[in-house]
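Here's the structure, in structure tokens; my notes come after.
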Amino acid sequence: MNITVVGTGYVGLVSGTCFSEMGNNVTCIDIDTDKIKKLNQGIIPIYEPGLKPMVLKNVESGNLHFTNNLTEAIQNAEIIFIAVGTPMGNDGSADLQDVIAVANSIGNIIQQKTIIVDKSTVPVGTADKVKATIQQALDARNVAIEFDVVSNPEFLKEGAAIIDFMKPDRVIIGSESDYAIERMKQLYAPFCMSHERFITMDVRSAEMTKYAANAMLATKISFMNEIANICEQVGADANQVRIGIGSDNRIGYGFIYPGCGYGGSCFPKDVKALRKIAEEHNYKASLITAVEEVNDAQKLVIAQKIIKKFGENLTGKVFGIWGLSFKPGTNDMREAPAIYIINELVKRGAKIQVFDPKAMVEAKAYYLKGLNSIKYVNSKYEALTNADAMLLLTEWKEFRSPDFEEIKNLLKTPVIFDGRNQYNVFDLEAKGFEYYQIGKRTRSEAIN
Ligand SMILES: NC(=O)c1ccc[n+]([C@@H]2O[C@H](COP(=O)([O-])OP(=O)(O)OC[C@H]3O[C@@H](n4cnc5c(N)ncnc54)[C@H](O)[C@@H]3O)[C@@H](O)[C@H]2O)c1
């Protein structure tokens, strides 16, 4: 099939590449000229395991193309995916201006029957807006061209995006058109070989499914973090509690790991947007609001523990940080807890030495830009040299089982703040460390 993907970000690039891998002829288009130039030079703008070789292979075979020219990109497309960003607007709602701009351009350009697919995460009712926008543009051209607008929300996880896309848990298609559903089924058939994963429903339910899925996962995280905070107060261990409740298959182990809160490009903005959607329909979403409040507070728990130990004035203190990205396997820093924690420390005079395997370029260029007190170093151990304490903020695999003797030798004082509960099995206090974690008041905390 001839497929065009508009918006070559995380979702657009991964989707386009995976469709091309299955033999489709795919054109990915973006307004960012630098991004397209780099992609045409074989430089991949994001880190995602397995993505680079797949892009290079399909460009080489002629299945995958990158361009800034929308007219050229959509002229022969049978299916056009809209995968542009839907960032948080000033009032917390999803900003749809890019989606609507693309819909308008599509209406100005298409020449033949086309299926337009909303893959961006968009509020309920957006497919209707996209449809109306395209129709308006066609009317202005005074042409009658058939088109369908389909909702196909994306559920890939950054860090495992290729695996998720190639083997999805489910493919949700919201449409009232039998023709569009049939073509989408054919497009996704190679991704659903072992068993049926294709779920069709009405457009609005498909749009809502994406928000409901993300809100549910965010709720599990905030719920567990709240339990963790209570555990600290009552002398329980959140990790034991996690295992105790996760073994109930109605609850499950997924998304109940206590830590320093969720981040990333999706949960924070989608939870906010869902609250806003409810508000706009005169419904007060109390649970969703609480999920957000708990998460905002959770991002600062580790910083509060540090302040409790070292005092409000952190001038002269140095913190060695492992991990910046909001989760392992990605260089994405959007809404990462590390941003909030580092800002809390730096504004109190602390100096930071940090190592992350993938996210340091992003952090330096955008998310921690202008903070002079940060030194980006080339190895995890270098980050700890003469530091007053170590902080673990992202659970990259290479941080999971470190050489604690080496850590002790490098640190000025052997103090570890574990924002991801990775080291609680090592009995670090017996090894001579002061150890702080989330969800359990350690012996160090009881003493201080
Ligand atoms: N990142 C994820 O893990 C993920 C997962 C599921 C769903 N989503 C949703 O998918 C959508 C895209 O997310 P993303 O993370 O890929 O965003 P992104 O910011 O990485 O990419 C968006 C791209 O769209 C481009 N763009 C904007 N306006 C354009 C236009 N008019 N024409 C062409 N290109 C344009 C931007 O330049 C950018 O490259 C969002 O709605 C997001 O919520 C993201």
**OP:** Write out, first by first residue and then by second, each pair whose Cβ atoms fall under 6 Å of each other, whose residues are 6+ apart or on separate chains, and whose first residue, in the stretch 254-269, is under 20 Å from Gln304 (Cα atoms) while the second is more than 15 Å from the ligand (Cβ to nearest atom) and open to solvent by 20 Å² or more (accessible area, probe 1.4 Å).
**Re:** Gly259/Arg420; Tyr262/Ile221
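Please report, ordered by residue number, the helices (runs of 4 or more DSSP H) entirely within the stretch 1-103 with at least 1 residues that are within 12 Å of the ligand (Cβ to nearest atom) and within 23 Å of Ile163 (Cα to Cα).
10-21, 33-40
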Original post:
Considering only the stretch 160-187, how many residues are under 15 Å from Leu51 (Cα atoms) and open to solvent by less than 20 Å² (accessible area, probe 1.4 Å)?
Top reply: 3
Subject >> Filter pass, Glu280 being more than 16 Å from the ligand (Cβ to nearest atom) and at pLDDT below 95 >> reply: yes
**OP:** Among the candidates Val122, Val117, Val150, single out the residue that is under 24 Å from the mean Cα position of the chain (by Cα), in a loop (DSSP other than H, G, I, E, B) and under 18 Å from Tyr211 (Cβ atoms).
**Re:** Val122
Original post:
Among all residue pairs at least 6 apart or on different chains, which show Cβ distances below 8 Å where the first residue, located in the stretch 140-153, is in contact (Cβ under 8 Å) with a residue 40 or more places away in the chain and the second is open to solvent by 30 Å² or more (accessible area, probe 1.4 Å) and among the hydroxyl-bearing types (Ser, Thr, Tyr)?
Top reply: Pro153/Thr209
**OP:** Taking Ala132 as the residue in question, decide whether it is of a type in the set (Gly, Ala, Ser), free of Cβ contacts under 8 Å to residues at least 60 places away in the same chain, within 16 Å of the ligand (Cβ to nearest atom) and closer than 16 Å to Ser105 by Cα.
**Re:** no
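When you look at Lys369, is it surrounded by 20 or more Cβ atoms within 10 Å (Cβ to Cβ) and in a loop (DSSP other than H, G, I, E, B), yes or no?
Numbers: surrounded by 20 or more Cβ atoms within 10 Å (Cβ to Cβ): no; in a loop (DSSP other than H, G, I, E, B): yes.
In short, no.
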Original post:
Which one of the conditions (1) at pLDDT 95 or above; (2) in a loop (DSSP other than H, G, I, E, B); (3) under 19 Å from the mean Cα position of the chain (by Cα); (4) surrounded by fewer than 18 Cβ atoms within 10 Å (Cβ to Cβ) does Ile145 fail to meet, given that it meets all the rest?
Top reply: (3)
**OP:** Filter the helices (runs of 4 or more DSSP H) completely within the stretch 196-296 down to those with at least 2 residues that are more than 19 Å from Lys440 (Cβ to Cβ).
**Re:** 203-234, 267-280
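Does Pro328 meet the test of being open to solvent by 30 Å² or more (accessible area, probe 1.4 Å) and either closer than 30 Å to Ala212 by Cα or in a strand (DSSP E or B) (or both)? I'd like the intermediate steps shown before the answer.
Values: open to solvent by 30 Å² or more (accessible area, probe 1.4 Å): yes; either closer than 30 Å to Ala212 by Cα or in a strand (DSSP E or B) (or both): yes.
Spelling it out, Pro328 is indeed open to solvent by 30 Å² or more (accessible area, probe 1.4 Å) and either closer than 30 Å to Ala212 by Cα or in a strand (DSSP E or B) (or both).
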**OP:** Count, please, the residues in the stretch 104-123 that happen to be surrounded by 20 or more Cβ atoms within 10 Å (Cβ to Cβ) and more than 14 Å from the ligand (Cβ to nearest atom).
**Re:** 3
Original post:
Regarding Gly252, is this residue surrounded by fewer than 17 Cβ atoms within 10 Å (Cβ to Cβ) and either modelled with pLDDT under 95 or under 30 Å from Ser120 (Cβ atoms) (or both)?
Top reply: yes
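The values are calculated or read from the model by the stated rules, or taken from the named source; none is laboratory data. Keep in mind it's a predicted model, so treat the numbers as computed, not measured. So basically every Cβ, Gly included, is an ideal-geometry build from the backbone, and we count neighbours across all protein chains shown. To get the accessible areas, we keep the full protein, side chains included, count just its heavy atoms, and leave off ligands, DNA and RNA. Shrake-Rupley method; radii C 1.70, N 1.55, O 1.52, S 1.80 Å.
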